[in-house]
Amino acid sequence: MPPNPGRRDVLVGGIASAIGLGLLDGCATVPTAPAAAAPSDLVDLSLEVNGQRRALRIDPRTTLLDLLRENLGLTGAKKGCDMGQCGACTVLVDGQRIDSCLALALQVEGRKVTTIEGLARGEELHPMQAAFIEEDAFQCGYCTPGQILSAVALLAEGVADSDGAIREGMSGNICRCGAYPNICAAVRRLRGRG
Amino acid sequence: MRHFSYQRAASVEDAVRAGPGAAFLAGGTSLVDLMKLEVLNPSRLVDVSRLDLRGIEARPDGLRIGACATNSEVAAHPEVKRRFPVLSEALLSGASPQLRNVATVAGNLMQRTRCAYYRDLATACNKREPGSGCAALEGWTRMHAILGGSERCIALHPSDMCVAMAALQAVIHVRGPNGDRDIPFGDFHLLPGDHPEREFALEPGELVLSVFIPFSAAGMRSRYVKVRDRASYAFALASCAAGLEIASGKIRAAQLALGGVGTKPWRVPEAEQALQGQSPERVAFQRAAEIAVRGAQTRRDNAFKMELARRTAVRALTLAAEGA
């Protein structure tokens, strides 16, 4: 671990220790770690992430979420359930929100991906980021990048014309802290501002 | 996830040629999920998502929807909303906006069950591993089928879209090594019987190209009602697609299918026929609902589905009768 460990270093180290202590021994159904792909099995992938063209050689099994987090070091998109049930991994592909955990990276070849890291303009927050702060729309923050990207897409879809429609439109993003009223308030704050 | 080779199909012909022995990948929301769980382990993936199969086209007698049109695209299409409100409503009641932006029509046709035992490699499942047994039969059955099950499998069909398409009597157009053919919607999904591992009436290598939905007066006056454990983003406990053609105060034609209760989308033509000639009123709807759940076999945790399905059907028929 580095001298001044970041939150992620601590988390990774913590999980490694847990495994070392055998705390996960009861998890019989966890699939065995996949064998690494042989170099000959790697494939080329080119896509645009937050306005930057990226060319990589990847294991075809890599999901878009793992590509962002592990290959590109963009850890804003979160791995919550890893099975399309929580929305913490939400990113935009060509402007449309998707769950990046259920897409193979190869499926987005040539597409434009926007993650939470690509939303602000320099030091200036995206209006939705600012609205989340103004409305206190998060507690632990784990689901927040997904919530914000989902909210940005929801407004672009133009269907958030009532509070009920906001709730329905945000239903693909679970918040375990239960910050829903404030999340809805943040979306409401920006609705109609074009 | 197991190793696989990946190929992006350059054309439909290319895909069909590569088809036998491979799995077709469209949106991936089901397939990639099940590959991660190692429930499905195709050694070859043929990506068909870039093929020109996304169009939605009005024909004189119906709507042709491309296999790779996304759930979002179909649900928002003006002709779908006008001609088949039940289909738009069913699609919008399923999954989440993120998933609907990616999930496709053909993928939804091939959506696999959410049976917890099918998804868990540590338990017995005849669908996943033929002959291994069925842990659901003596297991937690709240989310299992009460119609169409067998002693080998009671896995529930999870799709909302398919319930609407079953009611609308869609036709599925496929292409395979032996050419093109049409499959009536009711024949596409197979009952589990002795072979729950056989789920679709597709021959090896056959690729779904489109779904055709015939125009009908009942389709224009159709609604979808879905009951679930939370307000949104949950699979159905019971659902119903219902459409009515009403003339001179009587039902001229009816379309009715149930979801959340069957091992396949559950259309009951006898229930539709029982509505014909009747006044569009509660007593007729209740009789049709009774017929629709005939033969149901409930288990420890899902006996409530009988009454819930009946009431859901009555509600959907009532809304359809009220019109848009």
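Please find, within the range A:94-138, the residue that is surrounded by the most Cβ atoms within 10 Å (Cβ to Cβ) out of those that are aliphatic (A, V, I, L, M) and within 14 Å of chain B (Cβ to nearest Cβ).
Residue satisfying both the conditions and the ranking: A:I98.
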message: Residues that are assigned to a helix (DSSP H, G or I), among the basic types (K, R) and under 22 Å from B:F188 (Cβ atoms): does the range B:90-110 have at least one?
response: yes
task: For A:C101, indicate whether it is at pLDDT 95 or above, farther than 30 Å from A:D44 by Cα and among the hydrophobic types (A, V, I, L, M, F, W, C).
output: no
query: What are the residue pairs meeting all of these: first residue in the range A:163-184, first residue outside any helix (DSSP H, G or I), second residue loosely packed, with under 15 Cβ neighbours inside 10 Å, Cβ atoms under 7 Å, and 6 or more apart or on different chains?
result: A:C177/A:Q139; A:C177/A:C140; A:A179/A:Q139
field: Residues that are open to solvent by less than 30 Å² (accessible area, probe 1.4 Å), assigned to a loop (DSSP other than H, G, I, E, B) and more than 19 Å from A:Q147 (Cα to Cα), drawn from the range A:62-76
entry: A:T62, A:L72
message: Being more than 15 Å from the chain's Cα centre (by Cα) and open to solvent by 20 Å² or more (accessible area, probe 1.4 Å) narrows it down to one residue among B:P97, B:P78; which is it?
response: B:P78
field: A:G87 vs. criteria out of contact with any strand residue (DSSP E or B) (no Cβ under 6 Å at 6 or more places or on another chain), modelled with pLDDT of 95 or more and within 12 Å of chain B (Cβ to nearest Cβ)
entry: yes
query: What about B:G148, is it more than 18 Å from the chain's Cα centre (by Cα), more than 20 Å from A:G84 (Cα to Cα), small (G, A, S) and open to solvent by 10 Å² or more (accessible area, probe 1.4 Å)?
result: no
message: If I filter the range B:48-66 for residues that are at the interface with chain A (Cβ under 9 Å from one of its Cβ atoms), in contact (Cβ under 8 Å) with a residue 40 or more places away in the chain and not basic (K, R), do I get at least one hit?
response: yes
- prompt: Does the range A:172-184 hold any residues that are within 9 Å of chain B (Cβ to nearest Cβ) and open to solvent by less than 20 Å² (accessible area, probe 1.4 Å), and which are they?
  reply: A:G172, A:N173
message: Need the failing condition index for A:G13 against (1) of a type outside the set (S, T, N, Q); (2) open to solvent by less than 60 Å² (accessible area, probe 1.4 Å); (3) touching a Pro at 6+ places or on another chain (Cβ under 9 Å); (4) at pLDDT 95 or above, just the number.
response: (4)
- request: Could you check how many residues of the range B:36-71 are of a type in the set (A, V, I, L, M) and open to solvent by 20 Å² or more (accessible area, probe 1.4 Å)?
  value: 4
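The values are calculated or read from the model by the stated rules, or taken from the named source; none is laboratory data. Predicted model only: the values in this text are computed from it and were never measured. So basically every Cβ, Gly included, is an ideal-geometry build from the backbone, and we count neighbours across all protein chains shown. Heavy atoms of the whole protein, side chains included, go into the accessibility calculation; ligands, DNA and RNA do not. Shrake-Rupley method; radii C 1.70, N 1.55, O 1.52, S 1.80 Å.
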